[in-house]
Every structure is written in C-alpha cells, then in structure tokens.
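The values are calculated or read from the model by the stated rules, or taken from the named source; none is laboratory data. What you see is a predicted model, and the numbers here were worked out from it, not measured in a lab. Quick reminder, even Gly has a Cβ in these numbers, built from the backbone with ideal geometry, and neighbours come from all protein chains shown. Note: areas computed on protein heavy atoms with side chains; ligands, DNA, RNA excluded. Shrake-Rupley method; radii C 1.70, N 1.55, O 1.52, S 1.80 Å.
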Amino acid sequence: MSNHLNFDYSYLEAEEKAKVAISLSGTYWITTFGCQMNKADSERMAGILESIGYQIAPSEHEADLVLYNTCTIRDSAEQKVYSYLGRQAQRKRTNPHIILIVAGCVAQQEGASLLRRVPEIDLVMGPQQTNRLSYLLSQVENGQQVIATEESYILEDITNARRESSVCGWVNVVYGCNERCTYCVVPSVRGKEQSRLPESIKMEMEILATQGFREVTLLGQNVDAYGRDLAGISPEGRRHNTLTALLYFVHEVKGINRIRFATSHPRYFTERLIEACSNLSKVCEHFHIPCQSGDDEVLKTMARGYNVDRYYRIVDRIRSRMPDASISADIIVAFPGETDTQYQRTLELVEKVGFDQVNTAAYSPRPNTPASNWSIQVDERIKVERLQQLNSLVEKKAFERSKRYLNRIEEILIEGLNPKDSNQFMGRTRSNRLTFFPTHTSKGKSYTYGDLVMVKIKEIRAFSLTGTLL
Ligand code: 5AD
Ligand code: SF4
C-alpha cells in the first residue's frame with residue numbers, strides 16, 4: 001500500500017485482520033483538555049467506543065473506561081492531567097477491571113514514562129492514533145499494557161463521531177504542523193502536516209448537513225497549510241490544494257449555513273483568502289489570527305516568520321473588505337528575553353488593533369523546544385504582572401468592540417440553552433460573539449436548535465451579549 005505522504009502503512013492491513021470483533025458493554029467517560037483539535041478527537045473516540053458497545057457513564061467515578069485526552073501546550077495543562085490521573089489510579093487499585101487510557105499530547109510527549117509514573121494506565125496513545133482506538137483496545141483486552149505513539153499516517157475518518165453539539169461541527173482539514181515556533185510543543189507531538197482530501201472533507205460536511213448540523217469549523221493547527229501536501233494526489237486534491245480553494249469547493253454543501261476556520265497563521269494568510277471570505281456568503285466574518293507578540297525582535301526569536309507591520313496589513317485588509325469583521329488572537333507574554341519595552345509594544349498592538357477577543361498566556365517552557373533551553377527566562381513575578389495587565393487591556397478593548405452591537409439586529413444560530421438559564425437560548429453572531437436571548441418571542445413564537453433567528457441586542461458585556469428575539 002502507498003499513500004501521498006510516503007508512510008508505510010502496511011501494518012493497517014494486519015490490524016484489520018487482527019481486529020477482534022470486540023463487543024463490550026461497559027460505560028465510558030472522556031475528559032478533554034486543551035484545544036478544539038482535542039475536542040474533535042474526543043468526539044471521534046467517543047463515537048468509536050459507542051460503536052463497539054460502550055455507553056456513556058453517569059459520571060467519571062462510575063465509568064468502566066476512563067479516557068483522558070490530554071494537552072501539553074503549557075505546563076499547567078500537563079500538571080492538571082497528573083492530578084486527574086492520580087484519582088483514577090487510586091480507584092483502579094480497588095476496581096482492577098477499570099480501563100484507564102491517556103490519549104492526546106501528553107501521551108505522545110511522555111510515552112512509556114507515563115506508565116512508569118502511573119503503572120495503572122492500560123493504554124497510552126498519541127493524537128495520531130485517534131482512529132485506531134478500537135484496535136488498540138482489543139490489545140488491552142488481550143491483557144497487554146499498550147503504548148501507541150509512533151508517527152503514523154492518519155486514517156481517513158470513517159467513524160461516526162459522537163458530537164457534543166447537534167448544530168456546530170468540527171471538521172479536521174489538516175493534521176499536524178510543519179512550523180517550528182521556538183516555544184511550541186505541537187509539532188513534536190502532533191507530527192507533520194497531513195491534509196485530508198477535499199472530497200472527504202466535503203462528504204463529511206454533507207453528512208453533517210443531513211444530520212441537522214448548520215455550522216462547520218474547518219480545523220487545522222495551522223489551517224493555512226491546508227493542501228500543501230496534496231499536489232499530484234487526486235484530481236480534486238490538485239484543484240483544491242489551498243484553504244481558499246477548499247472554501248470555494250465546500251461552500252456549495254446544501255444545509256450548512258455557516259462556515260468558519262481556525263487557526264490562521266499571519267505568515268501564510270493571503271489576500272485571496274480575504275477575498276474568498278468576503279465573496280462567500282456562508283463564510284463568517286471572524287478571523288482567529290494569533291499574533292503572539294507586538295515586537296519584531298521577539299517575533300524573530302519565536303521564529304514566526306512575519307513582522308508586526310505584516311500583521312497590521314492583514315488586519316487593515318480584512319477591515320477594508322469586511323468593516324465589521326471580528327478579529328481574535330493568541331498572545332504570549334514574557335517570552336525568554338522579552339524586555340519591558342518589547343512587552344509594551346504588545347500592549348500597543350492590542351490597543352491599536354482592538355481585538356474582539358485574545359487568548360493570553362505567560363510563556364511556559366516546554367520539553368524539546370528551543371526556547372526552553374535559553375538562559376534568559378523571565379522572572380515569574382514579571383510573568384504574572386504582564387499577564388494581568390494584558391488581560392485587563394484585552395477585556396477593556398473587547399468591551400469597546402462589543403459596543404457596536406448595542407441596539408443592532410444580529411443573525412444568531414441557536415446552538416442550545418444558556419447553561420445558566422434554561423429560559424434562554426445561546427448562540428453566536430456571525431462574528432462569533434456569544435449571545436443569549438429568551439426562548440420565545442413576545443408573541444409566543446418559539447424556535448429550536450439549529451434555527452437562524454434575528455435578535456435585537458439589548459445588553460453588552462466584554463465577551464457576550466443579551467438580546468430579544470424579533
Ligand atoms: N507557553 C505559553 N503559551 C504557548 N502557546 C503555545 N506554546 C506556548 C508556550 N510554551 C500558546 C500560543 C498558541 C496557543 C495555542 O498557545 O499562543 O497560539
Ligand atoms: Fe505551534 Fe507555531 Fe505550529 Fe501554531 S504554527 S501549532 S504555534 S508551531
């Protein structure tokens with residue numbers, strides 16, 4: 001067997017043969033840490049577990065199978081996993097039948113050393129193994145302790161994911177990341193870029209549409225990398241081997257009303273993409289483009305491949321084509337060597353751009369990344385100070401951005417009930433602002449999940465809005 005990425009995946013044939021028709025009747029619980037990619041992987045693993053007979057448990061502490069889908073982007077995320085694992089290991093000592101699985105990025109990073117640290121674990125599986133869960137579980141059933149962390153060709157997603165939402169679905173378009181940002185652990189745990197074929201992506205969206213989904217988010221760690229590895233594959237792969245081309249290709253899927261994509265990279269974000277977003281009515285006017293820092297020197301040491309000027313140009317171009325577009329970002333403060341002046345430039349960027357939302361973090365040294373070895377680490381106290389100050393600026397700017405919605409009529413896709421008030425629906429504007437509103441109009445007309453409704457915005461907060469149904 002061959003494939004466009006030159007992985008030897010002949011082992012898959014052997015696996016198919018060896019796959020015992022496992023049929024289990026236990027209950028499972030999955031806890032997901034980290035990003036949207038992990039959430040999408042967890043939904044697929046839940047789908048696999050249900051396809052072999054597992055049912056969701058009433059709680060984590062009653063489940064026969066506990067799976068932690070882990071994140072290692074920062075040390076705090078990794079430590080959280082260990083504290084959860086400790087509790088389950090203790091439970092397993094009195095209930096040896098429990099199956100304990102660690103999946104995702106900590107699993108990939110730590111591999112066998114996880115088993116040494118927590119010997120109760122049955123299966124350690126990296127993110128590239130997601131779709132092999134039932135095979136790996138059949139090995140556990142045979143009494144083995146399994147470590148699956150080899151780099152592998154990611155199988156086409158043929159499983160039926162068990163999705164959290166019935167309205168908004170994640171669709172992976174490119175796995176892995178070929179960038180080498182000096183702070184980031186992702187390339188070492190998620191491997192090299194692997195794009196899915198445009199036909200498969202479109203087919204998954206068509207299936208979602210028939211199941212009642214109305215919104216799709218196309219996912220990639222660096223979604224702008226989509227298609228780079230597809231040239232010369234299928235005729236469709238050749239024709240649609242950029243994110244822009246993919247958007248045009250999938251736009252025709254009937255029943256899907258909204259399309260989003262994440263995460264963008266300023267180095268690869270193109271004018272053609274901006275044009276496609278403004279031409280294609282289903283593509284929502286929200287862009288998540290991490291800038292990471294507002295200082296050219298810091299960007300250089302981060303190996304991001306763009307300067308602040310380029311970032312401003314992208315923002316200007318988006319806003320000149322789509323004046324109401326919302327822009328969000330990720331920012332790291334206290335990167336090794338970041339001086340106070342350099343940090344001030346990040347504040348200046350946030351002030352000038354006026355982001356709708358920013359995910360902020362203080363730099364956290366990660367294993368096997370260049371920046372973690374540099375001797376010029378920033379003091380913890382300064383990290384905390386910078387992060388707090390940045391967060392309050394982000395909130396102030398987000399509130400300013402929210403003001404534009406007051407008394408406006410916004411199109412909202414109903415995603416579910418407000419978890420804090422079941423008399424209210426929850427949805428988002430096209431620009432991705434979370435919006436709450438009563439489930440009935442004043443005349444008593446009611447709506448349901450998946451409906452697109454018009455809402456008049458009456459109250460604003462930094463990151464959410466409240467309104468009334470028209
Ligand atoms: N420390 C702090 N933040 C990090 N991120 C990635 N690696 C690190 C790190 N070592 C942030 C980046 C990235 C987001 C997903 O997480 O801002 O865009
Ligand atoms: Fe990490 Fe950079 Fe890849 Fe994003 S683009 S996943 S920050 S290496």
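Over the chain, accessible surface divided per residue gives 43 Å², non-protein components excluded, 1.4 Å probe. For residue 92, a cut-off of 19 angstrom between C-alpha atoms picks up these aspartates and glutamates, skipping any fewer than 8 places away in its own chain: 60, 62, 64, 120, 122, 141.
Mind running the shape call on the stretch 168-403? Use the C-alpha gyration tensor, a ≥ b ≥ c as the square roots of the eigenvalues: rounded below 1.5 for a/c, prolate if a/b tops b/c, oblate otherwise. Provide the component values of the computation, followed by the final result.
Working: a/c = 2.17, a/b = 1.53, b/c = 1.42.
Prolate shape, in that a/c is at least 1.5 and a/b is the bigger ratio.
Of all aspartates and glutamates in the structure, those lying under 15 Å Cα to Cα from residue 300, and not within fewer than 8 positions of it along the same chain, are 179, 309, 338. With one equal scatterer per alpha carbon and no solvent term, the Debye-computed log10 I(q)/I(0) for the stretch 406-469 at 0.22, 0.30 1/Å reads -0.81, -1.54. On the beta carbon distance between residue 141 and residue 368, with R0 = 41 Å, the FRET formula returns roughly 0.80.
Under the 0.36 nm per residue contour assumption, what length would be gained going from the current alpha-carbon distance of residue 375 and residue 324 to full extension?
Numbers: separation 51, 0.36 × 51 = 18.36 nm, distance 4.34 nm.
Additional length available on full extension: 14.0 nm.
May I ask for the percentage of alpha-carbon pairs in the chain that lie more than 42 Å from each other? Intermediate values should be presented prior to the final figure.
Details: 18992 of 110215 pairs.
When every Cα pair of the chain is considered, 17 percent fall beyond 42 Å.
Exposed loop sites here are trypsin sites (Lys or Arg not before Pro) in DSSP loop states with at most 11 other C-beta atoms within 10 Å. What is the longest stretch of the chain lacking them? Walk me through the numbers before you get to the answer.
On the way: sites that count: 254, 420, 443, 445.
That would be 1-253.
How much length would be gained if the chain were fully extended between residue 281 and residue 62, taking 0.36 nm per residue of separation minus their Cα-Cα distance, in nm to one decimal?
Values: separation 219, 0.36 × 219 = 78.84 nm, distance 4.63 nm.
Answer, rounded to one decimal: 74.2 nm.
Cβ screening of the chain for cysteine pairs under 4.7 Å finds these without a partner: 35, 71, 105, 168, 177, 277, 284, 291. Heavy atoms only, probe 1.4 Å: what % of the accessible area of the stretch 10-148 goes to carbon and sulfur, would you let me know? Whole-percent figure for carbon plus sulfur exposure: 48.
Summed over all non-identical Cα pairs, the Kirkwood treatment of the stretch 80-179 gives a radius of 15.0 Å. Taking 21 Å as the straight-line reach from the Cα of residue 458, the lysines in range (excluding those fewer than 8 positions away in the same chain) are 396, 397, 403, 420, 443, 445.
Our helix-only sum for the chain, with -39,500 (n - 2.57) per DSSP H run of n ≥ 4 divided by its residues, gives a mean residue ellipticity at 222 nm of -10500 deg cm²/dmol. The length gained on full extension between residue 462 and residue 270, counted as 0.36 nm times the residue separation minus their Cα-Cα distance, comes to 66.2 nm.
Which whole DSSP H helices in the chain pass both tests: a Cα extent of 15 Å or more along the axis and a mean Kyte-Doolittle value no lower than 0.0?
Span-like helices in the chain: 198-210.
Taking every DSSP bridge with both residues inside the stretch 404-470, close to 90 percent are antiparallel. Across the chain, Cα pairs under 8 Å and at least six residues apart give a relative contact order of 10 percent.
Taking the Cβ-Cβ separation of residue 344 and residue 178 as r and a Förster radius of 35 Å, what is the calculated FRET efficiency to the nearest 0.05? My answer for the efficiency is 0.60. Projecting label points 7 angstrom from Cα along Cα→Cβ for residue 87 and residue 403 puts them 4.3 nm apart.
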